[in-house]
Amino acid sequence: MSTFVLAIDQGTTSTRAMLFRPDLSVAGLAQAEIAQTYPASGWVEHDPEGIWASVLTTVRAVLARADVPAASVAALGITNQRETTVIWDRATGAPIHPALVWQDRRTADLCANLKAAGHEPLVTARTGLILDPYFSATKIAWLLDFVPGARGRAERGELAFGTIDSWLLWRLTGGLHATDATNAARTALFDIHRGVWDDDLLAVFGIPRALLPEVRDCAGDFGTTRADLFGAAIPIRGVAGDQQAATIGQACFTPGMVKATYGTGCFALLNTGAEAHASRSRLLTTIAYQFGGQRTYALEGSIFVAGAAVQWLRDGLGLLRDAAESGPLAARADPDAGIYLVPAFVGLGAPHWEPDVRGALFGLTRDTGPEAFARAALESVCYQTHDLLAAMRADWPRGDAETVLRADGGMAASDWTMQRLADLLGLPVDRPVVRETTALGVAYLAGWTVGVYPEPEAFARAWRLERRFGPTLSSADRAKRLDGWHRAVRALRGMRAPLEGPSS
């Protein structure tokens, strides 16, 4: 009997394959880093073929290490970095250009022009999003105009667009062109209220409908893998964007529950139930998940730089050998030094949405050293999370209720960071036993679809707390530190950095 469930977790800096048992425990894990390239300031690209190769490598590795044949895998789920945009040739499967990563800001001028033309209210009303380079629509438009002949080929139906889930589905199945509702909701082309690609938005962005994939439920039939890839065909039965998958993995099925995932960026989602709530605080309204054609919505706040700030300490400044050193290093810093890092390396996300500012450090003195840099980097993630949750409280009708934040992702492993997060939020932070909630969430979707895992209510009861971090900072001290952070953000927003293209 096939009882194992496989999850492909394709992220911004790495690809993971995880194998889960029927009791949701982890039977195996394999991981491979993927390269990012930066052709110009604010530009971020991936090699789609490199991503595909990393998926093959990790899936084969995890099956081999766990000594589980593909025939014993009941279902496969895919979760992915969202918004990252790939266009490929339908006949050959070859990408026409490197993928434009969600962090890429090259379409800032196009977004500004569309705003000036008065299109943002339509985009927000239909999609719950704003006009920002973060989302896929302007990335698609840029590729169609930049790659010679691409627009004509797209209009003739020769090309296909997809976020990374669609790209992998195409390759895994040998030609299925599909996505799920959560990934479609991040393109700025999908009407999240009617659940369809929107013709008015396609006209605004100049995108041919023939490019687009079919949209399906998160838990459902996405075909099967080619038998030659892993030794047997594996049913693909779950797909969700990474943050929605983490919401499911954290069992946030009740309206009012909120989670934050700390990876390359940080993304906080608040379940708002069957009603899509328009944000007054420049948060995003999005689809949390779609089961049986019924959509559940969320408010989302997006921080572009979280774990990426630790990578910067390690790779850019050489202050760390390993990301795990950041917490102990930060703990040795003077807590009253007043150093603030605003890590707007690729602009500011929610609730500011300013793509043309760049990062800065405030409060430097002659004796500022590595410890202060580490503390400022980790605290910047906590401050940004505070601003997201404050915006959620303002938008959500029950926002004054007591909140517990469920935290996951790589940074959640740091006790120092989680305690600092609780201190600066003034709220309890719960860390689950299974921290790889993105992979867990999509594995649950796939396993639920084929009957390996129970209904959502039973899955929620199985969620287990590993540790709760309670706030210890006084209200006065918290307010003082938040005031310093907000003054730093205001100062940074007064500056602008030109978005430069490649040098000739």
Quiz item: Could you give the semi-axes, largest first, of the ellipsoid that matches region 342-448, computed as the square roots of 5 times the alpha carbon gyration tensor eigenvalues and rounded to whole Å?
Solution: 27, 19, 16
Exercise. Rank by packing, highest mean first: peptides 386-397, 5-16, with packing defined as the count of other Cβ atoms within 10 Å averaged across residues.
Key: 5-16, 386-397
Quiz item: Which whole-number percent gives the relative contact order of region 63-154, counting Cα pairs below 8 Å spaced six or more residues apart?
Solution: 25 percent
Exercise. Among the trypsin sites (Lys or Arg not before Pro) in region 234-280, which ones are in a DSSP loop with at most 15 other Cβ atoms within 10 Å of the Cβ? Mind listing them?
Key: R280
Quiz item: Using alpha-carbon pairs under 8 Å, 6+ residues apart, how would you state the relative contact order of region 4-242 in percent?
Solution: 21 percent
Quiz prompt | Protection proxy ranking, peptides 434-441, 155-162, 408-415, 238-245, average beta carbon neighbours within 10 Å, highest first | solution = 238-245, 434-441, 408-415, 155-162
Quiz item: Using mean Cβ contacts within 10 Å as the protection proxy, how do 324-333, 100-109 order, highest first?
Solution: 100-109, 324-333
Quiz item: Roughly speaking, what is the centre-to-centre gap between region 273-335 and region 394-447 when only Cα atoms are used, to the nearest Å?
Solution: 10 Å
Quiz item: Taking the alpha carbon gyration tensor of region 423-464, what are the square roots of 5 times its eigenvalues, largest first, to the nearest whole Å?
Solution: 26, 11, 7
Exercise. Treat every Asp and Glu Cβ in the chain as -1 and every Lys and Arg Cβ as +1, leave all other atoms uncharged, and give the resulting dipole magnitude about the Cα centre to the nearest 20 debye.
Key: 340 debye
Practice problem: Give the relative contact order (percent, whole number) for the chain; include only Cα pairs under 8 Å separated by 6+ residues. | Solution: 15 percent
Self-check item: Directionally averaged projected area (convex hull, Cα atoms, region 32-74), nm²
Solution: 4.0 nm²
Quiz prompt | Tensor-based shape of region 4-242 (alpha-carbon gyration tensor, a/c under 1.5 rounded, otherwise prolate or oblate) | solution = prolate
Quiz prompt | In order through region 285-290: 3J(HN,Hα) via Karplus (6.51 cos²θ - 1.76 cosθ + 1.60), integer Hz, x for Gly, Pro | solution = 9, 9, 8, 6, 6, 9
Quiz item: According to the square roots a ≥ b ≥ c of the eigenvalues of the Cα gyration tensor, what is the shape class of region 184-259, taking rounded for a/c under 1.5, prolate for a/b larger than b/c otherwise, and oblate for the remainder?
Solution: oblate
Practice problem: Determine the shape class of region 177-317: with a ≥ b ≥ c the square roots of the Cα gyration tensor eigenvalues, call it rounded for a/c under 1.5, and otherwise prolate if a/b is greater than b/c, oblate otherwise. | Solution: rounded
Quiz prompt | Lys/Arg +1, Asp/Glu -1 at C-beta; the chain dipole; positive extreme among Y340, A232, T272 | solution = Y340
Practice problem: Report, in whole Å, the centroid distance computed from the Cα atoms of region 83-133 and region 173-187. | Solution: 16 Å
Practice problem: Report ³J(HN,Hα) in whole Hz for each residue of region 229-245, in order, from the Karplus equation J = 6.51 cos²θ - 1.76 cosθ + 1.60 where θ = phi - 60°; Gly and Pro get x. | Solution: 6, 10, x, 6, 6, 10, x, 9, 10, x, 9, 7, x, 4, 6, 5, 4
Quiz prompt | Set of lysines with alpha-carbon distance to K115 below 25 Å, sequence-local pairs under 8 removed | solution = K139
Quiz item: P95: net charge of surrounding residues, Cβ under 9 Å, Lys/Arg +1, Asp/Glu -1, itself excluded?
Solution: -3
Quiz item: For Cα extents along the principal axes in Å, the choices are [x] 74, 60, 39; [y] 60, 52, 45; [z] 62, 47, 45; which was calculated from the structure?
Solution: [y]
Self-check item: Hz values of 3J(HN,Hα) by residue in region 416-424 - Karplus curve (6.51, -1.76, 1.60), Gly and Pro given as x
Solution: 4, 5, 5, 5, 5, 4, 4, 5, 7
Quiz item: In debye to the nearest 20, how big a dipole does region 276-412 give about its Cα centre with +1 on each Lys and Arg Cβ and -1 on each Asp and Glu Cβ?
Solution: 300 debye
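Every number in this text was worked out from the coordinates using simple rules, so none of it is lab data. The shown structure was predicted, so the numbers you read here are calculated from the model rather than taken from an experiment. Ideal geometry is used to build each Cβ from the backbone, glycine not excepted, and the neighbour counts take in all protein chains shown.
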